[in-house]
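Colleague: Shown below is the structure under consideration.
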Amino acid sequence: MRLARTIALYFSPTHTTERALKAFVEGTGLPFETVDLTTPARRKSFRRKFEPDELLVAGFPVYGGLIPRGLDDFFAGLDGGGAPAVAAVVYGNRDYDDSLLELKMRLEQRGFNVRAAAVFIGEHTISSKIATGRPDAADLKTASEFGKRAAASIAAGVNGKLSLKGAYPFISKGTGPRPGPVTSDACILCGLCIENCPWGAIDANDCKKVDPAKCMGCARCVKDCPEGAKSFVRDEAGLARVADFERRLTAKRCEPELFLPA
């Protein structure tokens, strides 16, 4: 089949998934567009019916072995109509568990034919010491090269079964809700954190107020604050968990995993 273009849709609070997907779509060699659906406003307004010759590449970070909760609105605006798709997830050097299979199933529910899949590694939100700087240059080269291979496979009509790990019903490997961020006196009330919060968890009238029922601890406000005014305050048990994560997850370098039909 002839592919006319590639469309990358991503949810990427700390920009790691965004970087991996952009490298992938550039590698396809096709005209492409990228659409950031990280914020609620963008997800609410986005609607697209895909044509059979358009290739969707959808990407998410992994939270507790699954794609993030509370993002039905990401998928609600998608009408696959049988168009080909690539599912991609990015994890922080622990494991991606059921997330890739979950994403594949969610895309199929919206009418896409998932023909390839990929797993990349990104710097962990809980500590910059875990998978520091990833996806790095080697990861991005791998993503670009796989974009070329995947597009060629889909164009050639290869449509066998994708063998992905995971089992339904999916079970989160997370540790439960994380405490929300706190704001220091360095805050200049610019409102960037309110505007960019992926779940609308920060009060529109007071950026120091965070709804703990909505906050997923994604660290976007912490990493993007121009004044460094946002941070996570952790108690002794929380600090111990972070230290344990660092001990366990810095001992190895996980590598991307790439999937085409057998």
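Colleague: Taking only Cα atoms, what is the 0 to 90° angle, nearest 10, from helix 236-249's long axis to the longest principal axis of the chain?
Modeller: Between the helix axis and the principal axis of the chain, the angle is about 30 degrees.
Colleague: Now a separate question. For an R0 of 25 angstrom, estimate the FRET efficiency from the Cβ-Cβ distance between Ala138 and Ser163 and round to the nearest 0.05.
Modeller: 0.50
Colleague: For a bin width of 5 Å, list the pair-distance distribution of region 33-91 built from all Cα-Cα distances, rounded to whole %.
Modeller: Reading the bins upward from 0: 4, 16, 26, 28, 18, 8, 1.
Colleague: What does the charge add up to near Glu246, with Lys and Arg as +1, Asp and Glu as -1, over the other residues with Cβ less than 12 Å from its Cβ?
Modeller: Every neighbour counted, the sum reads +4.
Colleague: What is the Rg over Rh value, at two decimals, for region 1-118, using alpha-carbon atoms and the Kirkwood definition of Rh?
Modeller: With Rg and the Kirkwood Rh in hand, the quotient comes to 0.93.
Colleague: How large is log10 of I(q)/I(0) for region 182-233 at q = 0.18, 0.22, 0.27, 0.29 Å⁻¹ when the intensity is taken from the Debye formula with one equal scatterer per alpha-carbon?
Modeller: At q = 0.18, 0.22, 0.27, 0.29 Å⁻¹ the computed log10 ratios are -0.46, -0.71, -1.14, -1.35.
Colleague: With the Cα gyration tensor of region 90-137 in hand, convert its eigenvalues to equivalent ellipsoid semi-axes via √(5λ) and list them largest first in whole Å.
Modeller: 26, 11, 7
Colleague: Provide the convex hull volume over Cα atoms per residue for region 59-189, in Å³.
Modeller: 156
Colleague: Which distance in Å, rounded to a whole number, links the C-alpha centroids of region 85-120 and region 200-262?
Modeller: The distance from the Cα centre of region 85-120 to that of region 200-262 comes to 21 Å.
Colleague: Quick one: give the max-minus-min coordinate of the C-alpha atoms of the chain along each principal axis, largest first, in Å.
Modeller: 57, 41, 35 Å, listed from the longest principal axis down.
Colleague: Right, another one. Under a Cβ-Cβ cut-off of 11 Å, what is the net charge of the residues other than Leu258 that fall near it, where Lys and Arg count +1 and Asp and Glu count -1?
Modeller: -2
Colleague: At 222 nm, what value in deg cm²/dmol follows for the chain if DSSP H runs of at least 4 each add -39500 (n - 2.57) and the sum is divided by all its residues, to the nearest 500?
Modeller: The helix-only estimate for the chain comes to -8500 deg cm²/dmol at 222 nm.
Colleague: Could you check the simple spin-label distance between Glu227 and Ala186, using points 7 Å along Cα→Cβ, in nm with one decimal?
Modeller: Between Glu227 and Ala186, the simple spin-label model gives 1.0 nm.
Colleague: Just add up the charged neighbours of Val158: K/R +1, D/E -1, any other residue whose Cβ is under 12 Å from the Cβ of Val158.
Modeller: +3
Colleague: A follow-up question, please. Below 8 Å between Cα atoms, with a sequence gap of 6+, how large is the relative contact order for the chain in percent?
Modeller: Dividing the mean separation by the residue count of the chain yields 21 percent.
Colleague: May I ask for the angle, rounded to the nearest 10°, between helix 16-27 and the longest principal axis of the chain, with both axes built from Cα atoms and the value confined to 0 to 90°?
Modeller: Around 20 degrees separate the two axes.
Colleague: Now for a separate question. Quick one: of Lys104/Lys209; Lys230/Lys252; Lys104/Lys173; Lys22/Lys44; Lys44/Lys129; Lys49/Lys173, which pairs are farther than 24 Å apart, Cα to Cα?
Modeller: Lys104/Lys209; Lys230/Lys252; Lys44/Lys129; Lys49/Lys173
Colleague: Find the cysteines in the chain that fail to meet the 4.7 Å Cβ criterion with every other cysteine, and list them.
Modeller: By the Cβ distance rule, which asks for a partner under 4.7 Å, the isolated cysteines are Cys187, Cys190, Cys197, Cys207, Cys215, Cys218, Cys225, Cys254.
Colleague: Along each of the three principal axes of the Cα atoms of region 170-262, give the extent in whole Å, ordering the values from largest to smallest.
Modeller: Reported extents, whole Å, longest axis first: 52, 37, 26.
FYI, it's all coordinate maths here, none of it is from the lab. Worth saying up front: this structure is predicted, and the values here are computed from it rather than measured. All Cβ positions, glycine included, derive from the backbone under ideal geometry; neighbour counts span all protein chains shown.
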